[in-house]
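What follows is calculated from the coordinates using simple rules that are stated; it is not laboratory data. Note that the structure is predicted; figures quoted are calculated from it, not measured. For neighbour counting, all protein chains shown are included, and Cβ atoms are generated from backbone atoms with ideal geometry for every residue, glycine included.
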Amino acid sequence: MRSVNAVKEAFRGAGIEQLVAAKEVVVAVGPGGVGKTTTAAALAATAAQRLDAKVLVLTVDPARRLADALGLRGIGNQATRVCSDAFAAGGVEPKGELYAAMLDMSESWDELVRRHAPDDATARQILANPLYQNVSRRFAQGHDYIAMERLYEIHEEGEYDLVVVDTPPSRNALDLLDAPERMKEFFSSRLLRWLTVPYRSRLVNVAARPFYQVADRVLGSQLLQDLADFFILLQTMQDGFVARADAVSHLLRDVRTTFLVVTTLEATPGREAGEMIAALAERRLHLGLLVCNRVLPRTLTDPSAARAADAMARFSEELAASLADGLSVEREPVEEGVVRLVLEEVAQSFGNLRQVATREAELLHELSEGHEVTATVPYQPGNVSDLAALLKMGASIWGGGGAETGPEQSRPPR
């Protein structure tokens, strides 16, 4: 008879496979520095391995570590297929296909302008405007909005069965979720009206006139004129941007979309992950999976292991006496005192790690409440550097072992 833990593991594996097979979009969110990019890539690679599906992972990671892990020379705005040789090197024959793309901010903003400008001449004027490059690249929440915009575009093209999006790390957990609404607010903002009204009309409100007079002295009339020209051109795209922002918001709330929260079980990332989980619930966005990365082994919280460590510390002198001869190497005897110090240090280190692991377990329990599927990835030294390592991580997330684990499942035709 299988143990309760084995039953839970089998249920978890089936749950994640059913979740991924039923969705078309997985949006990975979470604090920076917790392995979100790697987790998104691992989930996508494992989906391509186990499901008969065409899978794309879209990353916004500026370090571009994903290309190396997938065996690609580089990743750009256009998707590149991960060749079967990369899977074969890991001893795997995938059922599906894996593609990777990286968000290019410059190219994506230019495409947005071309799409929403009323005509080609206006698009060329905006793209040639000296302020455009700086404003578009530094626009608040620009990465967040462009990531969601690019996701919508790819989903609408319908080329992939599953798109996994690695989102930019945000200082505020709500930045990503609110990015489409912020774009709409920008076009209706008072600042935009103040910058453009005096150049659209000679009639300036008496109360507003001092603002323009001060701005003119500080910034110069030519800069104000350039700003106004740019934002007047930008306003020609308002209807397109607002409509698209609405469509992006609808996609995030669609039943075909789910969110993946990635975190570690350290205090600050754990708190931010908790805020993200609460924000998703408040907005009624579907949280399909929580992945806790770099988790210490459960054995550290095992009471019998703790008793063994305590005994090691208490009887270090007796243990050192019995171990010293066996540990001695020819011509280099090991002193009992050195062995005793090592045993005591090991016992103390175990106790310290046990405290950390206990706090991790408590936080894991707290974060896991309220949704069904939580996966943990054990701590591994070093970085994930190839597809085999990504698939190993994916197996931890999925639950169970390799490709043979769990029922065979294909994605239904769209």
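Starting with the fewest neighbours, write out Y145, Y99, Y132 ranked by other beta-carbon atoms found within 10 Å of each beta-carbon.
With the fewest neighbours first, Y145, Y99, Y132 line up as Y132, Y99, Y145.
What is the distance, in nm, between label points placed 7 Å from the Cα along the Cα-to-Cβ direction at E345 and at Q238?
The modelled label-to-label distance comes out at 6.9 nm.
Loop-only trypsin sites (Lys or Arg not before Pro) in segment 305-347, please: DSSP not H, G, I, E or B, and at most 14 other Cβ atoms within 10 Å.
Here the sparse-neighbourhood loop sites are R331.
Given H placed 1.01 Å from N in the peptide plane, which residues other than close sequence neighbours of N129 have an amide H under 5 Å from its amide H?
none
Contact order normalised by length for segment 300-361, with contacts defined as Cα pairs under 8 Å and 6 or more residues apart; what percent is it?
It rounds to 44 percent for segment 300-361.
Relative to the present Cα-Cα distance, how much length would full extension add between E159 and R81 at 0.36 nm per residue of separation?
26.8 nm
Could you tell me which residue out of M312, L353, V338 lies farthest along the dipole of segment 300-361 toward its positive end? Charges go on the beta carbon: Lys and Arg +1, Asp and Glu -1, centred on the Cα centre.
L353
Quick check on the exposure proxy: order C292, C83 from fewest to most C-beta atoms within 10 angstrom.
Fewest-to-most Cβ neighbours within 10 Å comes out as C83, C292.
Can you tell me the length gained on complete extension of the stretch E369 to A313, counting 0.36 nm per residue apart and subtracting the Cα distance?
Length difference between fully extended and current span is 16.4 nm.
Taking the Cα centre of segment 300-361 as the origin, how large is its charge dipole in debye, to the nearest 20, when only Lys and Arg (+1) and Asp and Glu (-1) carry charge on their Cβ atoms?
Roughly 360 debye for segment 300-361.
If r is the Cβ-Cβ distance from E107 to A321 and R0 is 56 Å, what FRET efficiency results, to the nearest 0.05?
0.20
Collect residues whose amide H, placed 1.01 Å from N in the peptide plane, falls under 5 Å from the amide H of V27; neighbours closer than 5 in sequence don't count.
Amide H neighbours of V27, under 5 Å, 5+ apart: V165, T258, F259, L260.
Order of K23, K392 from fewest to most other C-beta atoms within 10 Å?
K392, K23
Give me the aspartates and glutamates in straight-line cross-link reach of K36: C-alpha distance below 14 Å, same-chain residues under 8 apart excluded.
Straight-line reach from K36, under 14 Å: D61, D166, E272.
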